[in-house]
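Let me begin by presenting the structure, written as structure tokens, before commenting on it.
The values are calculated or read from the model by the stated rules, or taken from the named source; none is laboratory data. Just so it is clear, the structure is predicted and the values come from calculations on it, not from any experiment. For neighbour counting, all protein chains shown are included, and Cβ atoms are generated from backbone atoms with ideal geometry for every residue, glycine included. Accessible surface areas use protein heavy atoms only, side chains included; no ligands, DNA or RNA. Shrake-Rupley method; radii C 1.70, N 1.55, O 1.52, S 1.80 Å.
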Amino acid sequence: MLNKIIAFLTFTVAFYCSAETVVRLTPVAVEQHQLQVEIEISDLNRETLQFAMPVWRTGRYEQLDFASAMTNLNVVDGNGQPLSVTAISDHKWRAELTSPSAVVIRYLLTADELAMRTRHLDESHLFLDFAAAVVAVEGAQDKPYRVELNVPKHWQIRSGLKQGESANSLVADNYQQLIDSPVEAGEHEFRSFEFQGAQFELVVWGHTPANLDKLNADIKKLVVASYQLWGSFPFSKYVFMVHATDNIRGGTEHLNSTIMQWDRFKFNDPENYLDFMGLVAHEFVHTWNVKAYRPAAFVPYDLNHRHHSTLLWLAEGSTSYLQEKLLLTSGLMNETKYYQRLAKRLSRHQATPGGSHQSVADSSWYKWHQHGGQHGHNFDANIYQEGFAATLALDFWLLQNSGHQAGVAALHRLLYELFSLPNGLTEGQVQHAMAELVGEQADVGQWWQQHIDSPLAVDWIELLAQAGLENEAKSKPNYWLGARLQAAPEGLKVGAVSTQSPAWMAGLSQGDRIIAVDGFAVHSGNFERIQHSWDAGQTLQLHLFRQGILTKREVTLASPQGLINKLKVAPKTSPEADALRQAWLGNR
């Protein structure tokens with residue numbers, strides 16, 4: 001009898017511990033993007049209930065104000081009686097329970113953040129990143145979640161989450177899985193394929209003339225190349241979500257899916273199409289590098305607080321590096337195009353002086369505080385640019401110290417094998433994996449100190465020459481100004497000005513509008529032609545407006561020495577350089 005009682009109590013405890021939280025989503029005014037959110041939490045054995053709207057989302061290391069879109073917040077108990085709710089902060093609340101019971105949290109949410117890839121509702125679809133829509137409830141985050149979508153019957157519902165008992169329901173194991181598994185519900189195009197036992201879906205919302213069959217086939221090429229790199233998938237189903245609309249671009253990785261946005265008319269342009277495939281590759285690489293293994297500061301995700309890590313360069317910059325390798329190994333671009341895109345990235349890196357002031361590690365740690373602009377351009381290193389460049393240097397170092405047997409691809413394969421979740425990745429673990437690949441003859445600590453813990457200072461022309469590449473100098477115009485110029489009908493708008501550049505020394509300032517050069521009017525209609533008469537060493541007389549006042553400046557152009565322009569294989573290369581280049585391009 002005692003055994004039966006124990007068994008019954010064990011079952012009862014297990015039942016109540018696993019009681020699911022139900023999230024009900026109901027569009028109430030689609031033209032105004034209004035979404036009713038209802039969260040039902042069962043079997044609460046506590047006197048107070050705390051809940052909070054996240055202040056950031058996965059994939060973007062920036063504080064966001066999701067709570068500002070909430071209104072009509074109220075909480076009722078299991079009998080429908082209102083409970084007292086007190087605001088603890090601008091995104092946290094506490095409800096007082098009269099007795100242990102079920103609780104329902106309700107609020108109206110404005111879902112109008114399409115470009116942020118967080119929440120958007122209109123007459124054709126509902127897209128939700130649940131981190132931007134569902135509050136985190138204390139005591140309920142480890143329990144299962146069921147999402148019920150009360151949407152039009154003809155809408156299709158696509159998500160990396162499993163379908164529930166009904167066609168309009170989804171289930172998540174816990175809150176962590178919920179906030180990393182968005183949903184796209186609405187009118188959209190659909191394609192799919194299978195590979196190595198995994199199911200892949202392509203969901204396209206928005207009207208586009210893109211060839212979706214070709215897009216689906218090319219995505220599969222990237223999937224195959226990724227599988228060859230890592231050797232297995234950390235999922236059984238993956239959804240590629242695409243928003244094809246006007247003047248939009250970007251992507252966000254998730255646990256079992258990605259959301260990508262692209263201008264609907266740019267898929268049929270070869271260069272823009274390749275850029276989009278680069279975005280696909282980037283977000284898919286994150287399936288391993290960030291979702292399968294990621295910095296310890298983000299294990300598990302706590303979206304109510306900012307967390308700092310010195311490894312964001314690895315999470316983002318290395319992902320950017322591997323995306324280019326996958327485009328190459330998948331056959332979506334050739335070697336010449338790879339060099340062209342590499343040169344463009346290195347040129348952008350060289351044109352951003354912030355990397356000479358801030359270490360790669362510090363660029364990661366202070367990512368939350370970086371907001372671009374003139375200061376960011378000159379004094380902040382970018383985790384994408386610096387991370388990409390540091391990973392390129394690391395790839396060469398690993399290959400050269402492993403007899404061309406193991407590069408960055410092998411490093412990430414090892415990180416996946418040794419340090420996947422629930423482990424949180426540390427600098428020591430990354431260095432351990434590096435040492436595993438190169439042995440004792442190479443000093444991992446020294447490389448890390450010089451390239452990660454210090455501002456990145458690499459002679460890229462010299463480094464790439466070791467693989468038989470040379471830099472082809474620019475012909476015309478061949479000068480360095482050190483300021484970003486945007487040609488407009490009313491003149492040249494001056495953007496960020498680099499420290500110690502000719503523009504800096506001449507006193508140009510961000511926001512200036514140059515209207516004449518050497519007495520000639522300059523604008524978007526003639527800038528391309530007029531700058532071909534400029535050369536290094538030449539002094540230009542500038543007339544410009546600053547704060548509405550006409551003024552003059554004199555600037556002497558400099559030579560762009562050491563700046564990457566165009567990369568190609570040198571006419572004569574050594575066998576050693578050829579062997580390194582082939583190992584590098586082979587993504588070992």
Test: Lys476 is outside any helix (DSSP H, G or I), farther than 30 Å from Gly372 by Cβ and of a type in the set (D, E, K, R):
yes
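Mind listing just one residue for me: the one in region 410-432 that is among the hydrophobic types (A, V, I, L, M, F, W, C) and part of a helix (DSSP H, G or I) and, of those, nearest to Ile452 (Cα to Cα)?
Residue satisfying both the conditions and the ranking: Val430.
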Assess whether Glu201 counts as being in a strand (DSSP E or B), closer than 30 Å to Val299 by Cβ and open to solvent by 10 Å² or more (accessible area, probe 1.4 Å).
yes
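Does region 390-409 contain at least one residue that is part of a loop (DSSP other than H, G, I, E, B), touching a residue at least 12 places away in the same chain (Cβ under 8 Å), closer than 17 Å to Ser309 by Cβ and hydroxyl-bearing (Ser, Thr, Tyr)?
Residues of region 390-409 that are part of a loop (DSSP other than H, G, I, E, B), as a first pass: 401-407.
If we keep only those that are touching a residue at least 12 places away in the same chain (Cβ under 8 Å) as well, we get 401-402, 404-407.
Filter once more, so that each one left must be closer than 17 Å to Ser309 by Cβ: none.
Among the residues of region 390-409, not one is part of a loop (DSSP other than H, G, I, E, B), touching a residue at least 12 places away in the same chain (Cβ under 8 Å), closer than 17 Å to Ser309 by Cβ and hydroxyl-bearing (Ser, Thr, Tyr), which makes the answer no.
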Can you list residue pairs whose Cβ atoms sit under 8 Å apart, with the first residue in region 252-270 being without any contact (Cβ under 8 Å) to a residue 40 or more places away in the chain and the second being open to solvent by 10 Å² or more (accessible area, probe 1.4 Å) and hydrophobic (A, V, I, L, M, F, W, C)? Count only pairs 6 or more apart in sequence or on different chains.
Met260/Leu279; Trp262/Ile248; Trp262/Leu279; Asp263/Ile248
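Inside region 20-108, counting only strands (runs of 3 or more DSSP E) that do not spill past its ends, which hold 3 or more residues that are surrounded by 16 or more Cβ atoms within 10 Å (Cβ to Cβ)?
Of the strands (runs of 3 or more DSSP E) lying wholly inside region 20-108, those with at least 3 residues that are surrounded by 16 or more Cβ atoms within 10 Å (Cβ to Cβ) span 21-29, 34-44, 48-52, 70-77, 92-96.
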Taking Gly372, is it closer than 23 Å to Ala503 by Cβ, open to solvent by 10 Å² or more (accessible area, probe 1.4 Å) and either modelled with pLDDT under 95 or in contact with a Cys (Cβ under 6 Å, 6 or more places away or on another chain) (or both)?
yes
Would you kindly identify the strands (runs of 3 or more DSSP E) lying entirely within region 229-307 that contain at least 1 residues that are surrounded by fewer than 21 Cβ atoms within 10 Å (Cβ to Cβ) and hydroxyl-bearing (Ser, Thr, Tyr)?
237-245
Is there a residue being open to solvent by 20 Å² or more (accessible area, probe 1.4 Å) and assigned to a loop (DSSP other than H, G, I, E, B) anywhere in region 338-349?
no
Among the residues of region 443-476, the number that are buried (at least 17 other Cβ atoms within 10 Å of the Cβ) and free of Cβ contacts under 8 Å to residues at least 60 places away in the same chain is 3
Please verify whether Gly439 is modelled with pLDDT under 95 and either out of contact with any Phe, Trp or Tyr (no Cβ under 9 Å at 6 or more places or on another chain) or on the phi > 0 side of the Ramachandran plot (or both), treating the condition exactly as stated.
yes
Show me the strands (runs of 3 or more DSSP E) entirely contained within region 490-588 in which 2 or more residues are among the basic types (Lys, Arg) and over 27 Å from Gln358 (Cβ atoms).
549-556, 566-569
Could you tell me which of the residues Ser181, Ser192 is assigned to a strand (DSSP E or B), under 25 Å from the mean Cα position of the chain (by Cα), at pLDDT 95 or above and small (Gly, Ala, Ser)?
Ser192
Please tell me if Leu550 is closer than 29 Å to Asn478 by Cβ and hydrophobic (A, V, I, L, M, F, W, C).
no
Mind counting the residues in region 308-320 that are crowded, with 23+ Cβ neighbours inside 10 Å and outside any loop (DSSP other than H, G, I, E, B)?
8
Take the residues in region 152-180 that are among the polar types (S, T, N, Q) and in contact with an Asp or Glu (Cβ under 9 Å, 6 or more places away or on another chain); name whichever of them is surrounded by the most Cβ atoms within 10 Å (Cβ to Cβ).
Ser159
Single condition Thr551 does not satisfy, out of (1) open to solvent by 60 Å² or more (accessible area, probe 1.4 Å); (2) out of contact with any Ser or Thr (no Cβ under 8 Å at 6 or more places or on another chain); (3) among the hydroxyl-bearing types (Ser, Thr, Tyr); (4) modelled with pLDDT of 95 or more
(1)
Ala131: crowded, with 21+ Cβ neighbours inside 10 Å, hydrophobic (A, V, I, L, M, F, W, C) and assigned to a loop (DSSP other than H, G, I, E, B), yes or no?
no
Can you name every residue in region 109-128 that is open to solvent by less than 10 Å² (accessible area, probe 1.4 Å) and assigned to a loop (DSSP other than H, G, I, E, B)?
Ala111, Thr118
Please determine whether any residue of region 6-15 is modelled with pLDDT under 95, under 37 Å from the mean Cα position of the chain (by Cα) and either over 30 Å from Glu316 (Cβ atoms) or not in a helix (DSSP H, G or I) (or both).
no
Quick check: anything in region 413-428 more than 29 Å from the chain's Cα centre (by Cα) and buried (at least 18 other Cβ atoms within 10 Å of the Cβ)?
no
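The rows are residues; the columns are (1) under 26 Å from Ser475 (Cβ atoms); (2) open to solvent by less than 70 Å² (accessible area, probe 1.4 Å); (3) in contact (Cβ under 8 Å) with a residue 24 or more places away in the chain.
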position	(1), (2), (3)
Val517	yes, yes, yes
Phe527	yes, yes, yes
Leu563	yes, yes, yes
Lys566	yes, no, yes
Lys572	yes, no, no
